[in-house]
1. In the chain, once you exclude exposed GluC sites (Glu not before Pro) (DSSP loop, at most 15 other Cβ within 10 angstrom), what's the longest stretch remaining?
2. Just the number, please: percent antiparallel of the DSSP beta bridges in region 6-231, rounded to the nearest 5.
3. Under a straight-distance cross-link criterion of Cα-Cα below 23 Å, which lysines are reachable from K96, leaving out those fewer than 8 residues away in the same chain?
4. When Lys and Arg each count +1 and Asp and Glu each count -1, what net charge do the other residues less than 13 Å away from I75, Cβ to Cβ, add up to?
5. Can you give the local net charge around Y109? Use residues other than it whose beta-carbon is closer than 12 angstrom to its beta-carbon, Lys and Arg +1, Asp and Glu -1.
6. List the trypsin sites (Lys or Arg not before Pro) within region 193-287 that DSSP assigns to loop and that have no more than 10 neighbouring Cβ atoms inside 10 Å.
7. Helix-derived [θ] at 222 nm for the chain: sum -39500 (n - 2.57) over DSSP H runs of at least 4, divide by residue count, nearest 500?
8. Quick one, what does Rg over Rh come out to for region 6-231 if you take C-alpha atoms and the Kirkwood Rh?
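Any read-out appearing in this document is the output of simple, stated calculations on the displayed coordinates, not a laboratory observation. What you see is a predicted model, and the numbers here were worked out from it, not measured in a lab. In this analysis, Cβ positions are derived from the backbone assuming ideal geometry, glycine residues included, and neighbour counts consider all displayed protein chains.
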Amino acid sequence: GLVSAKEMLDKAYKNGYAIGHFNINNLEWTKAVLLTAEENKSPVILGVSEGANKYMAGFKVVADMVKAMIEELNITVPVALHLDHGSYEGAKKAIKAGYSSVMFDGSHYDIKENIEKTKEIVELAHSLGISVEAEVGAIGGEEDGVVGSGEVADPKECKMIADLGVDFLAAGIGNIHGKYPDNWKGLDFDVLNQVNDITGDTPLVLHGGTGIPEDMVKKAISMGVSKINVNTECQWSFARATRKYIEEGKDLIGKGFDPRKLLAPGTEAIKETVKEKMILFGSVNQA
Ligand code: G3H
Ligand code: ZN
């Protein structure tokens, strides 16, 4: 069944690996990520943005679909269903609908308001055994309408937020959603180190997991990053495989237009990408 993300991330933090958070968009995405986690005996976090919740007809549809799929597919590895970049209202909706984990992204508020709202969400979520991710500084770029300034986190502010009892913390360290520009300066490991030092045993979260060079990913994990968010890369894989299928005219042969056939190559491609990430993050056989 669904579990909070706290235990799996504390374990990952202690043992020097990271758990992948993979954003889901529909049934195929969900199935691809769950099956890959099971096949590789890896704990996993399904991330759902508020936009994706809306697309899938609501929080409850998503929560009920994920729970039912875990049961029907006999998924035995730990799975957390996590609201990604949640607003204050969105976090409450996700908690009510049965999510096992929420991110409250108050990074666009001033630190005082971020603290107040994060504190309230932590109290509500923890009373129900639900884990909470908070954010300090901002992730650059845009994801599903959530636009971030890319401001690097202030380690002192990270400590203030971590001290509220958040289960894991996302700090902006030069990471960006979507494609990294050619002139990207790389992750700010100096700040990451400071944040890791000052926040004690709180696992850290790296957003914008698409396109970060492998050596930087490993270095970040060695400095306390225990959850890595990947979204765009699965979308690229899905789109590329779907395009190939259609360009080869396979949708026009036999029953190739049947959505179950049409969406299969993309679904397989997501599985490949998720598996590569699980190997890179070190979460294989940790379930
Ligand atoms: O919250 C989700 C992630 O930060 C995804 O970032 O699309 O660059 O992989 P990405
Ligand atoms: Zn993100």
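1. 1-150
2. 10 percent
3. Partners within reach: K6, K54, K60, K67, K117, K119.
4. Computed value for this residue: -1.
5. Result for the local shell: -4.
6. For trypsin sites (Lys or Arg not before Pro) across region 193-287 that sit outside H, G, I, E and B with at most 10 neighbouring Cβ atoms in 10 Å, the list reads K255.
7. Per the formula, -14000 deg cm²/dmol.
8. Here the Rg-to-Rh quotient is 0.94.
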